[in-house]
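Notes follow once the structure below has been shown.
The numbers here are math on the coordinates, done by the rules we state, and not lab data. Every value quoted in this text rests on a predicted model; they were computed, and no experiment measured them. In this analysis, Cβ positions are derived from the backbone assuming ideal geometry, glycine residues included, and neighbour counts consider all displayed protein chains.
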Amino acid sequence: MAGAATIPRMVRVIRPGERDSGTAQTPGMKREAGVSASLTGSEGLWMGTAVNAPGASSGAHHHGENESGIYILRGRVRFRWGPNLENVVDTEPGDFIFVPPYEVHLEENLDPGSEAELLLARNSQEQIVVNVPDPRES
């Protein structure tokens, strides 16, 4: 990271109030970084959380060349992916999802009364979030 302050590489604990909400965002979802170059000095790992409001759906997006891992912490989440978001699976707490590079996807919170919370991991420090038009609306 050119121009960034060097953070010593050591064990770090990032508390909920210390997360970075300045990370890349998608409409309908709020992401916060917990492990990142700017917070911990990590070089190849990025982790964070995402919250979908009750009944909310994220916009369609992909993460460029990054692989992504998603773990459902709370809530029931419908995950859609594919060129026309034609692939659908419903997930619940304890489920992992692997998203390959450039895969357009979105997350829908199936509970109109409670937030859904996801744990996110990526294999890059680059906060690539490419928000795209929902192909179902064209």
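Under 8 Å for C-alpha pairs, at least 6 residues apart: give me the relative contact order for segment 1-79, rounded to a whole percent.
The normalised contact order for segment 1-79 reaches 25 percent.
What size of dipole, in debye to the nearest 20, comes out for segment 23-137 about its Cα centre when the only charges are +1 on Lys and Arg C-beta atoms and -1 on Asp and Glu C-beta atoms?
On the way: 8 positive and 17 negative charges, 32 e Å.
Computed charge dipole of segment 23-137: roughly 160 debye.
Can you tell me which of 61-69, 16-24 comes out highest on packing, and rank the rest after it, using the mean Cβ neighbours within 10 Å? Can you show the working numbers first?
Details: 61-69: 17.9, 16-24: 12.9.
Highest to lowest by the protection proxy: 61-69, 16-24.
Per DSSP H run of at least 4 residues, take -39500 (n - 2.57); add these up for the chain, divide by its residues and hand me the 222 nm value, nearest 500 deg cm²/dmol.
Working: 1 runs with 4 residues, N = 138.
So the calculated ellipticity at 222 nm is -500 deg cm²/dmol.
So how much slack lies between Glu115 and Val88, counting 0.36 nm per residue of separation and subtracting their Cα-Cα distance, in nm? Display every interim value, and only then the final one.
Working: separation 27, 0.36 × 27 = 9.72 nm, distance 2.00 nm.
Gain in length upon complete extension: 7.7 nm.
Let me check against my output: what whole-number percent is the relative contact order of the chain, with C-alpha pairs under 8 Å and at least 6 apart? Write out the running numbers ahead of the final one.
Numbers: 346 pairs, mean separation 40.3, N = 138.
About 29 percent, as a whole number.
Any idea how far the Cα center of segment 6-25 sits from the one of segment 62-117, in Å?
23
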